[in-house]
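The values are calculated or read from the model by the stated rules, or taken from the named source; none is laboratory data. No experiment lies behind these values; they were computed from the predicted model shown. Note that we place each Cβ from the backbone using ideal geometry, even for glycine, and neighbour counts take in every protein chain shown. Just the protein is used for accessible areas: all its heavy atoms, side chains included, with ligands, DNA and RNA removed. Shrake-Rupley method; radii C 1.70, N 1.55, O 1.52, S 1.80 Å.
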Amino acid sequence: MTIIAGFSSSRQGTAPLNLAVQISRWTGDKVVAAAIVERPWPAKDDPIEREYLGYVTEQASHALDRVVGQLPGGLDIPRIVHQSDSIPTGLIELVTAHDARLVVVGSSSSGLLGRVTLGSVTERLVHTAAVPVAIAPRGYPPVPESIRRITVAYGGEADVNGLVAATAELARQWPVQLRIVSFTVRPMTMFGGAIERSTEDLVVQQWARRTRDDIVKQLNAVRARIPVPDVDVVVGSGHDWREAVEAVSWEAGDMLALGSGAAGPAAHVFLGSAASKILRHAPVPVLIVPRNTVTA
């Protein structure tokens, strides 16, 4: 199978390629480095326009060669410069043309180093793609470790859309370890009063037990269809989303999987509000999984 690594010819960053190579090192998938050149719409049979597109395409090709050449180990990675109406559309066209099962992109240049931030291109891509979209944190370097564990963010609307089943199947195919984590934000001061710490802890503990029971039920249902290895189930809690995400241990080789919300169209990615908040604080690459992508 193929992984499409989307490349920005303007920023010339290697983060998407670094993540794509890290994933392929474990899965054995072929990586294709792709730069998308946006063509004017509607297209005109204009010699000046054709000359301009030819120039931009040539520059993108040179930039792509330079970025691939920076990768350690002298990897032989095919390169494609593809013209399309937009960058997200072009990446989706390449996914279809190469029968790719994953597209990898980078974070916005306006985000924090080491964190995942959606820009205009990635925002549209993760809301329209019919295959999983992996997003590299800004400045993501070459990592010698393979992707060895997928951490599934369980909770909210994504539960009904088969996230546990889809990632369990993905973990079996790659294969990697599977961990399920549910994040909760503890209640804060409300209307000038405060919730006692002991009461707050009790509420969180009861919620955690119910959540673990729900996860076990889903895992048992999944195991009736596909083999699922041992799964760690953990809870991350804090007074805000950053604290909740940081309450969970993260290691090199981890990837966080988020599911599409119920508002999204079937078999497409649509990031829900809770998932968007978790994504902004993730210290590891993030995988956005479309709805209903489970292989029975």
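So the values come out like this:
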item: Test: residue in the stretch 33-50 that is in a helix (DSSP H, G or I) and under 21 Å from GLY114 (Cα atoms); result: no
item: Within the stretch 135-164, considering residues that are of a type in the set (Gly, Ala, Ser) and crowded, with 23+ Cβ neighbours inside 10 Å, the one modelled with the lowest pLDDT; result: ALA158
item: Residue among LEU118, LEU112, LEU75 that alone is open to solvent by 70 Å² or more (accessible area, probe 1.4 Å), farther than 24 Å from ARG25 by Cβ and either in contact with a helix residue (DSSP H, G or I) (Cβ under 6 Å, 6 or more places away or on another chain) or modelled with pLDDT under 90 (or both); result: LEU112
item: Selection within the stretch 235-256 - in a strand (DSSP E or B) and either among the basic types (Lys, Arg) or under 28 Å from SER24 (Cβ atoms) (or both); result: ASP254, MET255, LEU256
item: Flag for GLY259 being more than 18 Å from TRP174 (Cβ to Cβ), assigned to a strand (DSSP E or B) and in contact (Cβ under 8 Å) with a residue 40 or more places away in the chain; result: no
item: Residue match in the stretch 36-53 (condition: surrounded by 19 or more Cβ atoms within 10 Å (Cβ to Cβ) and either within 24 Å of PRO132 (Cα to Cα) or out of contact with any helix residue (DSSP H, G or I) (no Cβ under 7 Å at 6 or more places or on another chain) (or both)); result: yes
item: Criterion violated by VAL104 - all others in (1) open to solvent by less than 30 Å² (accessible area, probe 1.4 Å); (2) in contact with a helix residue (DSSP H, G or I) (Cβ under 6 Å, 6 or more places away or on another chain); (3) farther than 17 Å from ASN18 by Cα; (4) not charged (D, E, K, R) satisfied; result: (3)
